[in-house]
Amino acid sequence: MLASLPLPARERLFPHLEAVSLSLGEVIYESGSRLRHVYFPTNCIISLLYVLENGSSAEIAVVGNEGVVGIALFMGGETTPSRALVQSAGIALKLKSQLLKDEFNRSAEMQHLLLRYTQALLTQMAQTAVCNRHHSVDQQLCRWLLLSLDRLRTDTLKMTQELIANMLGVRREGVTEAAGKLQHDGLINYCRGKITVIDRPGLERRACECYAVVKKETDRLLPHVIEQPRV
């Protein structure tokens with residue numbers, strides 16, 4: 001997303017970006033907390049989750065190098081009801097919230113880019129809700145793996161079954177069974193917290209239509225990022 005900004009906006013924002021290392025399972029912000037920074041993932045993934053009073057949770061969207069964590073800031077709010085948790089460790093670029101709001105109000109191109117991204121994110125949230133309600137754990141796991149791989153540009157994810165279960169809002173036993181089926185069919189290899197996708201076309205065929213809907217809308221709304229921003 002940063003690489004897609006117009007040159008004047010990049011010249012104003014890039015000097016203020018701070019590279020931060022994010023570890024697996026780290027919470028960027030909790031539900032209801034004031035958003036003082038936004039995060040632009042580079043080679044990590046941030047999961048947005050809703051957490052219930054009893055502690056159970058379910059993922060509503062994932063954010064990678066195509067987007068930004070903290071859309072509530074430019075949508076008129078200072079807080080969000082979701083929790084932001086690091087799904088895949090790596091580096092993100094942190095920016096003070098006021099600087100993003102100032103640029104959003106200053107630049108029409110910045111507004112259009114962020115609003116297109118927000119529409120793509122809303123599509124992902126809506127499709128995730130439908131998927132969790134109507135599709136099997138096997139299909140949900142396939143969708144989740146494909147969305148994650150799109151944002152990491154790698155075939156391997158470091159992820160425990162317990163964390164996947166929390167993301168999908170299902171029992172750990174369900175994830176164990178679903179991952180076992182995919183491994184038995186030669187689509188993935190799972191060993192000691194690492195999931196390696198062996199047959200991506202096969203995984204796409206196994207997934208429900210939800211993945212294709214989200215990917216098509218994201219590709220339509222967001223420009224292709226040619227290069228990573230330099231800070």
Which lysines does Lys215 reach when only Cα atoms under 19 Å apart count, and residues fewer than 8 places away in its own chain are ignored?
none
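Using R₀ = 22 Å, calculate the FRET efficiency as 1/(1 + (r/R₀)^6) where r is the Cβ-Cβ separation of Thr160 and Glu78; round to 0.05. Intermediate values should be presented prior to the final figure.
Working: r = 33 Å, r/R0 = 1.51.
Efficiency, rounded to the nearest 0.05: 0.10.
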Name the trypsin sites (Lys or Arg not before Pro) in region 125-162 that are in a loop by DSSP and that have at most 16 other C-beta atoms within 10 Å, would you?
Arg153
The ³J(HN,Hα) series, computed from each phi in region 39-55 with the Karplus coefficients 6.51, -1.76 and 1.60 at θ = phi - 60°, rounded to the nearest Hz and given as x for glycine or proline, is 10, 10, x, 9, 10, 10, 10, 10, 9, 9, 10, 9, 10, 8, 4, 7, x
Inter-label distance, nm, simple model (7 Å from Cα along the C-beta direction), Asp219/Leu115:
2.6
With labels modelled as points extended 7 Å from the Cα through the Cβ direction, what inter-label distance (nm, one decimal) is found for Arg10 paired with Glu204?
2.9
Over what distance in Å are the Cα centres of region 9-67 and region 124-160 separated?
18
Which FRET efficiency, nearest 0.05, do Ala129 and Ser23 yield, Cβ-Cβ r, R0 30 Å?
0.55
Rounded if a/c is under 1.5, else prolate if a/b beats b/c, else oblate: with a ≥ b ≥ c from the C-alpha gyration tensor eigenvalues square-rooted, which is region 104-152?
oblate
Find how much the distance from Lys101 to Gln183 grows on full extension, using 0.36 nm per residue of separation minus their present alpha carbon separation; answer in nm with one decimal.
25.0 nm
Cβ neighbours within 10 Å, averaged per peptide: list 26-35, 60-69 in order, most packed at the top.
60-69, 26-35
Under a cut-off of 16 Å between alpha-carbon atoms, report the aspartates and glutamates in cross-link reach of Lys216, not counting same-chain residues fewer than 8 places apart.
Glu66, Asp150, Glu204
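List the DSSP H helices in the chain whose Cα atoms stretch 20 Å or more along the helix axis and whose mean Kyte-Doolittle hydropathy is at least -0.5.
On the way: long enough: 108-134 (39 Å, -0.11); 137-152 (22 Å, 0.30).
Taking the DSSP H segments of the chain (at least 20 Å long, mean hydropathy at least -0.5), we get 108-134, 137-152.
Throughout, read-outs are computed from the coordinates displayed, never taken from laboratory work. In this text the structure is predicted, and so the values were computed from the model without any measurement. Virtual Cβ from ideal backbone geometry, glycine too; neighbours counted across all protein chains shown.
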